[in-house]
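Please treat every number below as a calculation from the coordinates, not as lab data. Please read all numbers here as calculations on a predicted model, not as lab measurements. All Cβ positions, even for glycine, are placed from backbone atoms using ideal geometry, and neighbour counts span all protein chains on display.
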């Protein structure tokens with residue numbers, strides 16, 4: 001029965017994520033990049049000036065609003081999940097090393113999605129006095145002139161929060177911790193308690209958690225990954241060569257399957273990139289419109305920075321660790337590939353640090369510990385980040401029902417964390433791709449139709465960087 005359902009969902013995914021969708025995504029990425037004048041790439045110094053190095057203003061008037069940095073960490077919390085670790089390994093296993101290239105290239109182009117949707121969300125938020133004017137909902141409503149598209153998006157986003165942001169994330173963390181004799185039921189209980197404590201708090205407390213958690217998680221993972229990569233520095237040239245030769249299926253050309261190999265490589269790279277950074281899905285706008293900042297282009301910069309950190313930086317580091325250690329040649333599952341990469345990586349690293357052959361074997365388990373910590377923190381960050389998105393969607397839907405559904409949503413969301421730890425999630429992963437599609441297409445269509453409205457705001461010098 002399970003295999004039948006999985007096969008059915010796989011067929012649906014193959015249909016939804018076919019050539020037409022790939023062409024639409026690539027066209028939209030190029031079109032919006034040109035319309036945005038590549039502003040988020042061509043002015044990196046000024047972007048940093050308006051974001052991470054912006055002058056901070058302590059406004060005591062509204063403690064319910066987030067700072068711009070908190071919106072970045074909340075959005076990163078949602079996107080910094082298993083896509084940065086397990087998802088990269090899965091992309092390499094299916095699309096080969098060339099998928100890494102397309103993941104990075106697509107990230108630079110889909111930054112235009114994140115930039116455009118957040119500029120539009122801020123524009124429509126400024127125009128509306130409604131309390132529910134958050135995220136992509138205002139501009140989705142304007143496209144059709146009714147609430148139908150916004151209601152559909154909210155319903156899908158709320159359902160997706162259980163799949164993309166909860167069950168798949170906790171399942172991955174439980175698999176990592178299971179190797180250290182922390183049972184999956186115990187892992188489920190721990191995640192459920194932590195999630196309950198967090199989601200039963202206010203939005204501001206969630207922002208405070210992500211503000212502390214995300215920088216720690218990112219720096220911890222970057223430091224560990226760079227350590228392994230530097231030890232394998234002599235293999236970097238070979239790895240880059242392998243990536244380039246796999247980009248256009250050079251190795252497969254002689255076998256006569258160039259076309260199918262290229263399509264598969266590009267499709268997997270783009271799809272995993274979108275799953276990781278969530279650009280184009282509209283979800284990050286829920287976080288960024290929670291800021292008091294009224295400058296659309298500034299919020300676009302913060303969103304672009306999120307995509308860069310998530311995919312260009314973190315996903316690339318994961319890919320280099322896997323390819324440098326040769327773990328991709330072992331024909332393991334995605335999770336085991338990553339575990340093998342970091343385990344052997346830290347073993348060789350410690351061998352060289354202590355200048356003693358065999359000493360690294362004693363510390364080899366540190367690679368597994370490092371990965372378990374990183375995966376668990378990333379997973380928990382994603383759980384609370386996606387809760388925020390689901391909560392915003394639930395509040396919008398609640399306005400159209402006669403009952404309060406938010407308490408039920410909270411209960412089910414907390415319960416789902418335990419369910420994710422103890423249940424086989426093959427079907428859930430298939431559903432994740434379907435929900436990604438169902439949010440991507442309506443949101444992407446909306447921002448394409450409304451993208452002309454961002455033109456007056458593409459002026460760096462006119463933006464106020466105050467947070």
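Remarks
- Ranked list, fewest to most other Cβ atoms within 10 Å of each Cβ, for 302, 17: 17, 302
- Cβ-Cβ FRET estimate between residue 227 and residue 400, R0 fixed at 56 Å, reported to 0.05: 0.60
- Modelled FRET efficiency - R0 35 Å, residue 159 with residue 38, Cβ distances, 0.05 increments: 0.50
- Ordering 295, 117 by the number of other Cβ atoms within 10 Å of each residue's own Cβ, fewest first, gives 295, 117.
- Going from the fewest other Cβ atoms within 10 Å to the most, the residues 43, 288 appear in the order 43, 288.
- Using a simple spin-label model with pseudo-atoms 7 Å out from Cα toward Cβ, residue 180 and residue 329 lie 3.0 nm apart.
- Residue-normalised convex hull volume from the C-alpha trace of the stretch 107-242: 188 Å³ per residue.
- Potential lengthening between residue 27 and residue 6 on full extension [0.36 nm per residue; Cα-Cα distance subtracted]: 4.5 nm
- Cut-off 12 Å (backbone N to label point 7 Å along Cα→Cβ of residue 434), residues of the stretch 146-169: 160
- Ordering of 207-217, 325-335, 377-387 by packing [mean C-beta count within 10 Å, highest first]: 377-387, 207-217, 325-335
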